[in-house]
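**Student:** Next up is a structure, given as C-alpha cells.
Read-outs: derived from the displayed coordinates by stated rules, not from any lab. Owing to the predicted nature of the structure, the values given are computational and were not obtained by experimental measurement. Quick reminder, even Gly has a Cβ in these numbers, built from the backbone with ideal geometry, and neighbours come from all protein chains shown.
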Amino acid sequence: MRGWRRSILVAAVPVVLAVVGNLATSTVQVSASWWPPVVWTATGFLGLAAVAIGVRDRASAPSVTTRLNDLDDAADWLARALRERYVQAEEQRRVQAPPALLLRFRPASEELLDHWSNIRRARPGADPGPLRLAGNSADIAKVHSRIPSGRLVVLGEAGAGKTVLVTRLALELLGRRRPGGAVPVVLDACSWDPAAPLRDWMAEQLALDHPELAASAGPDRPSLAARLVGGGHVWPILDGFDDVPPRLRKMAIEQMNLAASVPLVLTSRAAEYAATVADGSVLAEAAGIELEGLTATDLAHYLPRTSRPSPSATDTDHGGWGPVLARLRRHATDPAAATLAAALTTPLMVYLARARYSDNGHDPAELLDRDRFPTADDIRQHLLAAFVPAVYRRPSAGGWTAEAASRWLTSLARHTGGSRSGDLAWWQLRDQVPRTVRVLCCGAVHGLAALLTVTLLTVLFSHFGGRGDAVLRPGLALSGVVALVGGLSTGWPARGTPPTRTHVGVRGRLRDQVRDFVIVFFLAKAFFLPLKVILLAAGGWSLAFAFGTVTSIAVALSTAITVILLRSVEVPAEPELVSSPHASLGSSRRSALLSSGVITLACVVGVGGAFGAFGGVTVGLVAAGLAVPARLAHVLTCTAWGSWSTLTRPYLAVTGRLPWRAIRFLDNARQRGVLRQAGPVYRFRHEELRRRLAGAVVP
C-alpha cells in the first residue's frame, strides 16, 4: 500500500503546485476556449504516467519467486515457511504447552491394508511379514521411517488427535530433512475433487497456500508449485479423508493408487475408511495405524500438571483434579467415574476439559455428578458447550463478550454447515443476506446512479439548446428500469462474485500502443454513424453535431484510452492466490479500485476532453461526470469487495450475526483456537465443536 501512496503522491504534488501557483500569480493566461480541456487532458495523462511508473518500480522489486534460483532453493524456502506454520499450529492447539499429551497407536487391522510384501516392497516370492508399528506420538517419525513405501494410513475416531499426530510427524520430518530434500505438506483432503489427478491438485493447493510458488517462468511453463510437485519435492499428508463425500472416496483411492510412486500419509475415521475399502480397493503399499483411546493413567499423568500451582493445594488435590483422578482409578466399580473415563478418551475432550477447569479454576468434580451427566455423551456436550465461554473469558481488544462470541460463532457454524469443504470465506458470507434485501439494496444503488446520470445529461442537453424536461421525464422512467434490472441481475444470484487479484506492470512498446489506440478509436467511432444519420434527419446539423459527432469522439476516445490502459497496466492473475483473508480482502479492494479507476479516468479524459473542447470547461466537467455514477454502482454491487463493504458487512452487523469488525473477530477466534486459517479462508478447528455450535439455540 505504501507503494501506491508514494506513486499517487508523486503524481499529485506537481499538479497541485502548478495549479496553486498559477491561481496565485496568474502567470499563465490563455484566452482560447480549447486551452483548458487540452491542459487538463495533458495533466491527467501525466498524472497517470507518474502512477504507472511508481507501480512499475514497485512491481519490479525483488520477490520471493525471483530469489528462488532452482527447485532446491524453492523447497528449502517452503520447508522454512511450513515449519513456522506447523509450530504456530501446535501452539494454538497447546500441544507442546507443558505437559505434552502422548498419543498411543497400534497397527491397523490387516483387512484394511495392502499385502505386507507390497508395503515392504519385497522381491517376488518373498514373505517379509508385518512391520512393528506400535508406538506413541513421540516416536511417530521413527515408526514412519520403517515403511519403505513411505505410505501410511492413520485411523482414529473424531477428536482422537489425527491432525495433531500428523502435524507432529511433519515437524519431525522437517527437522530431519536435508537441504533440497522432500518437504512434508499437510493438505485438507476435503478440498480435493478426485476427478483431478493427485499431483495437479497438490500443485493447485500449494500455489493457493503459498502465492510465491504460483508464478511461472513463462506463459507455456508450469508454475513453481507444479515443478516442485512433479520433481518429487513435496511429500503430501492428506488430512481428513473422511470429510470427502462418500461417493468420491473410492475415486480418490484410485487416484492415489495411480500415483503409487508418491509417498503420502492419509488420515481418516476408521469406520469411513473401512467402508471405502469394502466398496473398492485398499490404498496401495500403505501401512496403517489406529489411535488408541486415553486411559485413566494417561489422564492422571496429564491433567494435574495443567492446573496452576496453588499454595493451598495439597499433594493429593492437584488443583482440583486429585479427587477426580482418585475416583477414575476405581472406574471399574464406580459408575460415575466410568462415565467420565468414557467421555475423556480423546485428546479433544481432554483439551476441552483443560480449557473449562484447569484454565478457569472451576471445580472438575462436577463432572462426576450422575444426575447432571448420566451418560458420557452428556459430558461431551457439556464440554463442547463450555469451550467458547472458557476461551473468551480473557478480555479481547474488540470488547467481545462470551455471549456475543457464541452467538456469532453459531451463525458462522450454521453457514459452513452447507459447505462441502467447511470453508468460511468472507466473500461467501453474502449468502447470509436475504435475496430480497440484496435485490432492494443493489437496485437502489443502480437507480441512484442512473438518476444522477440523467440529471447530468439534462444539464448537458440544456446547454446545447434543448429542453431539459424532454430528457428528464423519460430519464426518470429509465432510472426505474435500470434499478429493477440492476437489482435483479446483481442481487438475485445465490453466489456473489469471487474476489480477484491483479498483477500490475507497464508493458508493451510505444509504437504498438499508438497503433492499437488508433484502431480502437476509429472502430468505436464508426458505431455512431447510424446515430448521427438519425439525429441529422430529426434535428438538423446542430443536434447531429452535439450528440452525434461530439459524443462519438468522446466515447471513442474514452474507449481507446480504456482498452490501452487496461492492456498495458492491468494484467489479470489467478483469483485468490493469497495467503490470508486479510490479503484476499486487500487484493480484492485494490483490483476493484484499480480497474474502475482506470476506466473512470479514461472516460473523464475522453468524454470530458471532447465535450470541453467544443463547449468549454463547465460542459467538459459535466460530461466527464457522466462516467462516474455507473462505475461507482459497478464497484459497489458487482465486485466482492464492494458487496462486502456496502451490503454484507453492514447487514450482518445490524442483524447481530457478526460484529462490525468481522475480519478482526475471525482472526481473534483463530488466535484463541476456535478457528484455523487455510489460505484465504477460515475453518473451525474441531468439527465436533462446529456441529455443536450449529445445533445451538441462538438467544
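**Student:** Please give the Cα centre distance for the range 270-302 versus the range 108-165, rounded to the nearest Å.
**Tutor:** For the range 270-302 versus the range 108-165, the Cα centre distance is 11 Å.
**Student:** What order, most packed first, do the peptides 652-660, 582-590 have when packing is the mean number of other Cβ atoms within 10 Å of each residue?
**Tutor:** 582-590, 652-660
**Student:** Multiply the residue separation of Ser109 and Asp378 by 0.36 nm, subtract the distance between their alpha-carbon atoms, and state the gained length in nm to one decimal.
**Tutor:** 93.8 nm
**Student:** Using the crude model of +1 on Lys and Arg Cβ and -1 on Asp and Glu Cβ, and no other charge, please compute the dipole size for the range 75-291 relative to its Cα centre, in debye to 20.
**Tutor:** For the range 75-291, the charge dipole is close to 780 debye.
**Student:** Relative contact order for the range 81-224 using alpha-carbon pairs under 8 Å, separation at least 6, rounded to a whole percent?
**Tutor:** Averaging sequence separation for qualifying contacts and normalising by length gives 18 percent for the range 81-224.
**Student:** Go through 284-294, 76-86 and give me the packing order, highest mean Cβ count within 10 Å leading.
**Tutor:** Most protected by this proxy first, the peptides run 284-294, 76-86.
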